[in-house]
1. Out of all the residues in the stretch 36-52, which are surrounded by fewer than 18 Cβ atoms within 10 Å (Cβ to Cβ), assigned to a loop (DSSP other than H, G, I, E, B) and not hydrophobic (A, V, I, L, M, F, W, C)?
2. Assess whether Ile103 counts as being modelled with pLDDT under 95, of a type in the set (Val, Ile, Thr) and assigned to a helix (DSSP H, G or I).
3. So, in the stretch 112-141, how many residues would count as being charged (D, E, K, R) and part of a helix (DSSP H, G or I)?
4. Of all residues in the stretch 123-135, which are of a type outside the set (A, V, I, L, M, F, W, C), loosely packed, with under 14 Cβ neighbours inside 10 Å and over 14 Å from Leu95 (Cα atoms)?
5. Which residues, counting only those in the stretch 1-35, are among the acidic types (Asp, Glu) and either part of a helix (DSSP H, G or I) or without any contact (Cβ under 8 Å) to a residue 12 or more places away in the chain (or both)?
6. Hey, can you tell me all the residues within the stretch 179-197 that are among the charged types (D, E, K, R) and under 14 Å from Gly30 (Cβ atoms)?
7. Scan the stretch 222-237 for residues that are crowded, with 19+ Cβ neighbours inside 10 Å and either among the aliphatic types (A, V, I, L, M) or part of a helix (DSSP H, G or I) (or both) and jot them down.
8. Quick check on my filter: what residues within the stretch 142-167 are surrounded by 15 or more Cβ atoms within 10 Å (Cβ to Cβ) and in a loop (DSSP other than H, G, I, E, B)?
Amino acid sequence: MPTPPKPAEHVERALCVLAHPDDVDFGSAGTVATWTEAGTEVTYCIVTDGDAGGFDETPRERMGPLRRAEQEAAAAAVGVRDVRFLGYPDGRLELTLDLRRDITRVIRQVRPQRVLTSSPERFYERIGASHPDHMTVGESTLRAVYPDARNPFAFPELLADEGLEAWTVSEVWLGAGPRPDHAVDVTDVVELKFAALKSHVSQVAHRDDLEEFVGGWMRQTASRFGLPHGRMAEAFHVVHTA
């Protein structure tokens, strides 16, 4: 089997499409920090407001706005200023044409060379990674990348009514899946990742061991990919789509 091509060393624009506020920060904020430090313009597209999350008595009507604000603060911690929310209901995502169209719209607006999203494959060894919303967003995003965003005849209203021309994404990075093939050493930016995670007060304030827990997970990932002892990494399955 031929060796798959490596990811691009640098891209001008990247788009991260995730289901909930905090998804990108648990799995990918260190990687995002390396991108923004290298000059990549990163946009977040969060499909829900996370209104079904939380661990306290915060009224449900306040949770969505609270989590939006937390995600914006977390994004700023790793150099991301453009955060967009699609407003779908947390915990009730389905694979629909409307969701594909809305993600396609953002791809055509941002015109990224790279898209990061969640894996659509169930990870049986770590079932918590395979929240149904995560899998739905991953599959919807892949369908938006190919064929929708690059096909000018898919969702023609995006071109006719909004002037959004077709755009081809070169590569997709899938997180939290069962077959990672690329690791990013995030040791030197890990404090930025921890700052991003701690911005999600409604989700992590009950954990006194947050840094130890996430750091241990990243050290295991680094070891699995052969990085030196003590390094920390995030891992992805990179799919070349151009």
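The values are calculated or read from the model by the stated rules, or taken from the named source; none is laboratory data. Predicted, not measured: the structure shown is a model, and the values here were computed from it. Positions of Cβ are backbone-derived with ideal geometry, glycine not excepted, and every protein chain shown enters the neighbour counts.
1. Within the stretch 36-52, the first condition is being surrounded by fewer than 18 Cβ atoms within 10 Å (Cβ to Cβ), and the residues that meet it are 37-39, 41, 52.
Filter once more, so that each one left must be assigned to a loop (DSSP other than H, G, I, E, B): 38-39, 52.
Within the stretch 36-52, Gly39 is the sole residue that qualifies.
2. no
3. Let us first name the residues in the stretch 112-141 that are charged (D, E, K, R), namely 114, 121-122, 125-126, 133, 139.
Keeping just the survivors that are part of a helix (DSSP H, G or I) gives 125-126, 133, 139.
Of the residues in that region, 4 qualify.
4. Of the residues in the stretch 123-135, the ones of a type outside the set (A, V, I, L, M, F, W, C) are 124-126, 128, 130-134.
Pick out the ones that are also loosely packed, with under 14 Cβ neighbours inside 10 Å and you get 124-126, 128, 132.
Answer for the stretch 123-135, where residues must be of a type outside the set (A, V, I, L, M, F, W, C), loosely packed, with under 14 Cβ neighbours inside 10 Å and over 14 Å from Leu95 (Cα atoms): Tyr124, Glu125, Arg126, Gly128.
5. Applying the first criterion (among the acidic types (Asp, Glu)) to the stretch 1-35 yields 9, 12, 22-23, 25.
Scanning the stretch 1-35 gives Glu9, Asp23, Asp25.
6. The first filter runs over the stretch 179-197 and keeps only residues among the charged types (D, E, K, R), leaving 179, 181, 185, 188, 191, 193.
The answer is Asp185, Asp188, Glu191, Lys193.
7. Within the stretch 222-237, Ala222, Met232, Ala233, Ala235 meet the criteria.
8. Arg150, Ala154, Phe155, Leu164, Ala166, Trp167
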